[in-house]
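S.K.: Pasting a structure here, questions to come.
We did not get these values from a lab; they are worked out from the coordinates using the rules stated. In this text the structure is predicted, and so the values were computed from the model without any measurement. Don't worry about glycine lacking a Cβ; one is built from the backbone with ideal geometry, like all the others, and counts go over all protein chains shown.
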Amino acid sequence: MTAFSLEPGQRAWCAELRALAADRLRPLAEKGEPGHVNRPLVAELGALGLLRRLFTSGALDLCLMRESLAYACTEAETALALQGLGAHPVHAHGTPEQRERWLPLVSDGSAVAAFALSEPGAGSDAAALSLTAHPDGPGRWRLTGEKCWISNAPEADLYTVFARTTPGAGARGVTAFLVPADRSGLTGTGLDMLSPHPIGALDLDAVPVTAADVLGEVDGGFRVAMGTLNLFRPSVGAFAVGMAQAALDATLDHTARREAFGGRLSDLQAVAHQVAEMALRTEAARLMVYAAATAYDAGDADVPKRAAMAKLLATETAQYVVDHAVQLHGARALQRGHLLEHLYREVRAPRIYEGASEVQRGIIAKELYKNLEGAP
Ligand SMILES: Cc1cc2nc3c(=O)[nH]c(=O)nc-3n(C[C@H](O)[C@H](O)[C@H](O)COP(=O)(O)OP(=O)(O)OC[C@H]3O[C@@H](n4cnc5c(N)ncnc54)[C@H](O)[C@@H]3O)c2cc1C
């Protein structure tokens, strides 16, 4: 148990991952087409054994992978995370047949996964989702409706689709289905977003599914979704910490070299103190992410609160750090192709997805007041 510095072995693994990201993954990322799934990159993540680790590692290892990859190649980080998000429900709730068919393909990078929860009318309020599983005989349904802002759609090979099986039952009437991309009636279109990762909308028109496609229990899909998000929430924070550290290091390097007013930018106290503030906040976020992930691995009762705190603090911190890094670099940071121009586009979305910052505050407050139950 550590409180909190990493073991030497963990530190060495992070350094190895950063080197792999810079040397093996970044060149593949640069060859990818923006907004599309980069299959050679996903395959390389598989060949390096990193995708397999999504299903064999705990939450802390997941955080270390995401932070280290994000530091040197956000595209690789996101490709890895999306394989995990899309296929974790299969790993955690799939039948032996579902697991045997899909997990080896997701792990070697030959199948691309996606997690399809959000809809045009149901984002933060995911329990309001309306994509409907209409009964079509015993153990059979037809899925009809839309999903929106689904990362890796419409190019993924398998989708975890959350659908309404019991009308009017809110969170208790949702079922998770594993839907292979080649099912009849499933189509989609790409969306052009600020964040440089593949994302799209799905249109389901009477897509046939059976009991063999259900992940977990019928009407138990919300538990599948929330269990997946509880695991991934601290690791979104880790992604943010990796980006913040990359922005901070670039800023240290730049301000130590840039000449102005007869010295270096770093000689100006206002600049040096700003860099110190960026480092302070990045480290605080990192510690909270590691602590939340360790709590998850230990099965602690306060995981929802700590995961929400870690995701909230780290994503808001990364936005702060990247913004100030841009400021301290001046105009060059806004030039297309600059690391900070890229991070500036990347850093915005994590404050919205997997629970917007306001939703995290809601979770934290709910958990705090829960302990006062029975108070007058
Ligand atoms: C880059 C990117 C990738 C994504 N990938 C996926 C994916 O792979 N799968 C998937 O299912 N979804 C994905 N999403 C969708 C994402 O989960 C939703 O955008 C998110 O849940 C918020 O929903 P919304 O956009 O509809 O915003 P809304 O729910 O309409 O909320 C808008 C804003 O209202 C405020 N708000 C909302 N609820 C509350 C509240 N309870 N208290 C206080 N304020 C509140 C917040 O400021 C919030 O940002 C992705 C989104 C982005 C941007």
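S.K.: Given an 8 Å cut-off on Cα distances and at least 6 residues of separation, report the relative contact order of the stretch 120-197 as a percent.
M.R.: Numbers: 99 pairs, mean separation 20.5, N = 78.
Rounded, it is 26 percent for the stretch 120-197.
S.K.: Calculate, in whole percent, how much of the Cα-Cα pair population of the stretch 299-368 lies beyond 20 Å.
M.R.: 41
S.K.: Based on Cα coordinates alone, diagonalise the gyration tensor for the chain, multiply each eigenvalue by 5, take square roots, and list the semi-axes in whole Å, largest first.
M.R.: 37, 23, 19
S.K.: Of the lysine pairs in the chain, how many meet both conditions: Cα atoms under 21 Å apart, and a spacing of 8 or more in sequence or different chains?
M.R.: 4
S.K.: Based on the mean of other Cβ atoms within 10 Å per residue, sort peptides 235-243, 156-164, 15-23, 176-184 so the most packed one is first.
M.R.: Details: 235-243: 31.2, 156-164: 25.4, 15-23: 16.8, 176-184: 18.9.
Descending packing order for the listed peptides: 235-243, 156-164, 176-184, 15-23.
S.K.: Please work out whether the stretch 258-311 counts as rounded, prolate or oblate from its C-alpha gyration tensor, where a ≥ b ≥ c are the square roots of the eigenvalues and a/c under 1.5 means rounded, while otherwise a/b larger than b/c means prolate and anything else oblate? Spell out each step's value before the answer.
M.R.: Working: a/c = 6.54, a/b = 4.94, b/c = 1.33.
Here the stretch 258-311 falls in the prolate category.
S.K.: Using Cα pairs closer than 8 Å and at least 6 residues apart in sequence, work out the relative contact order for the stretch 37-137, in percent.
M.R.: Relative contact order here is 30 percent.
S.K.: Using all C-alpha to C-alpha distances in the stretch 242-376, build P(r) with 5 Å bins and read off the rounded percent in each one.
M.R.: Using 5 Å bins, I get a P(r) of 2, 10, 17, 17, 16, 12, 9, 7, 5, 3, 1, 1, 0, 0 for the stretch 242-376.
S.K.: Under the 0.36 nm per residue contour assumption, what length would be gained going from the current alpha-carbon distance of Leu6 and Met226 to full extension?
M.R.: Answer, rounded to one decimal: 76.4 nm.
S.K.: Which order do the peptides 309-317, 253-261, 202-210 come out in when sorted by mean C-beta neighbours inside 10 angstrom, highest first?
M.R.: On the way: 309-317: 26.8, 253-261: 13.2, 202-210: 18.8.
Ranking, from highest mean packing down: 309-317, 202-210, 253-261.
S.K.: Further question on the same structure: Considering only Gly49, Gly84, Gly263, give the residue with the highest GNM mean-square fluctuation for the chain, with springs between Cα atoms whenever their separation is below 10 Å.
M.R.: Gly263
S.K.: Can you classify the stretch 100-200 as rounded, prolate or oblate using the Cα gyration tensor, where a ≥ b ≥ c are the square roots of its eigenvalues, rounded means a/c under 1.5, and otherwise it's prolate if a/b beats b/c and oblate if not? Let's see the in-between values first.
M.R.: Working: a/c = 1.94, a/b = 1.24, b/c = 1.57.
Taking the square roots of the gyration eigenvalues as a ≥ b ≥ c, the stretch 100-200 is oblate.
S.K.: A further question follows. Whole angstrom only: what separates the Cα centroid of the stretch 1-40 from the Cα centroid of the stretch 304-376?
M.R.: Cα centroid to Cα centroid, the span is 21 Å.
S.K.: With +1 on the Cβ of every Lys and Arg and -1 on the Cβ of every Asp and Glu, and nothing else charged, how large is the dipole of the chain about its Cα centre, in debye rounded to the nearest 20?
M.R.: 320
S.K.: Considering all projection directions equally, how large on average is the shadow of the alpha-carbon convex hull of the stretch 198-256, in square nanometres?
M.R.: One quarter of the hull surface, i.e. the mean projection, equals 6.7 nm².
S.K.: With n ≥ 4 as the cut-off for DSSP H runs, can you work out [θ] at 222 nm for the chain, using -39500 (n - 2.57) per run divided by the number of residues, rounded to the nearest 500?
M.R.: Values: 12 runs with 194 residues, N = 376.
Computed ellipticity for the chain at 222 nm equals -17000 deg cm²/dmol.
S.K.: Using only the alpha-carbon atoms, how far is helix 357-370 inclined from the longest principal axis of the chain? Give it as 0 to 90 degrees, nearest 10.
M.R.: The two axes meet at around 70 degrees.
S.K.: Related question: Taking square-rooted eigenvalues a ≥ b ≥ c of the alpha carbon gyration tensor, is the stretch 106-153 rounded, prolate or oblate, where a/c under 1.5 means rounded and, failing that, a/b exceeding b/c means prolate?
M.R.: oblate
S.K.: How much space per residue, in cubic angstrom, does the convex hull of the C-alpha atoms of the stretch 38-160 take up?
M.R.: 125
S.K.: If you don't mind, another one. Can you tell which of Ala127, Ala111, Ile352 lies farthest toward the positive end of the dipole of the chain, using +1 and -1 charges on the Cβ of basic and acidic side chains (Lys, Arg; Asp, Glu)?
M.R.: Towards the positive end, the residue furthest out is Ile352.
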